[in-house]
Amino acid sequence: MKALETEYPWFESLMEAIIIDSKEARKKSNSNNNNNFDKLSLLNRSDGYAIGSRFLDELNRAATEDGAFDSWLSKNPSLIEFNKNNKFFRALLISLGKEMRHRATWKKLALSMGAAGMSTFDVGSDVYIHDPLLQ
C-alpha cells in the first residue's frame with residue numbers, strides 16, 4: 001500500500017472512501033468538480049475520494065459487483081490504465097463490493113425480522129383487546 005501511495009497519491013483516499021463510506025469522505029472530494037478523471041498522473045487525494053464515492057454509487061445501482069466495477073471503470077478512463085498495470089485492483093474492489101453487499105443483506109434481514117416480530121405482537125394485542133368484546 002505504501003509503494004502504491006508514493007506512485008499514486010490518490011489510492012489511499014480512494015480506498016478510504018470505499019471502505020469507510022462516510023459523509024466525511026464525500027465532503028473531502030471536490031463535489032463541484034465534475035471531472036472525467038482522464039489522466040492517471042493528474043489525479044490527487046481529493047479525486048480519490050470522489051472516484052471512491054462513485055464506486056459506491058455504482059455498487060448500489062448495479063445488479064452484480066462485476067457490473068458495478070465495469071460500469072465504474074468505463075466512467076473513469078484513468079483507472080483503465082491503473083487496472084491494466086495492477087492486476088489485483090479488480091479482484092480487490094469486487095471482493096470489497098461483495099463484503100459491503102453482504103453486510104447490507106444481514107442488516108436488511110435483521111430489520112425484516114424486527115418488523116415481523118412487531119407485526120406479530122400487534123396482531124396478538126388486537127386479538128387480546130377484541131376477544132372480550134366479541135363475547
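Here, each number is a calculation from the coordinates, and none is a lab measurement. All values derive from a computational prediction rather than experimental measurement. Glycine gets a Cβ as well: all are built from the backbone with ideal geometry, and neighbour counts include every protein chain shown.
Applying a DSSP loop filter and a limit of 14 other Cβ atoms within 10 Å to the trypsin sites (Lys or Arg not before Pro) in segment 50-135 leaves K87. Compared with the direct C-alpha span, the chain from K84 to D122 gains 8.0 nm at full extension, assuming 0.36 nm per residue. The 3J(HN,Hα) values that the Karplus relation (6.51, -1.76, 1.60; θ = phi - 60°) gives for segment 42-49 are, in residue order, 9, 6, 10, 4, 4, 5, x, 5 Hz. Gly and Pro appear as x. Note on segment 63-135: Lys pairs 8 or more places apart or on different chains, Cα atoms under 22 Å apart, count 7.
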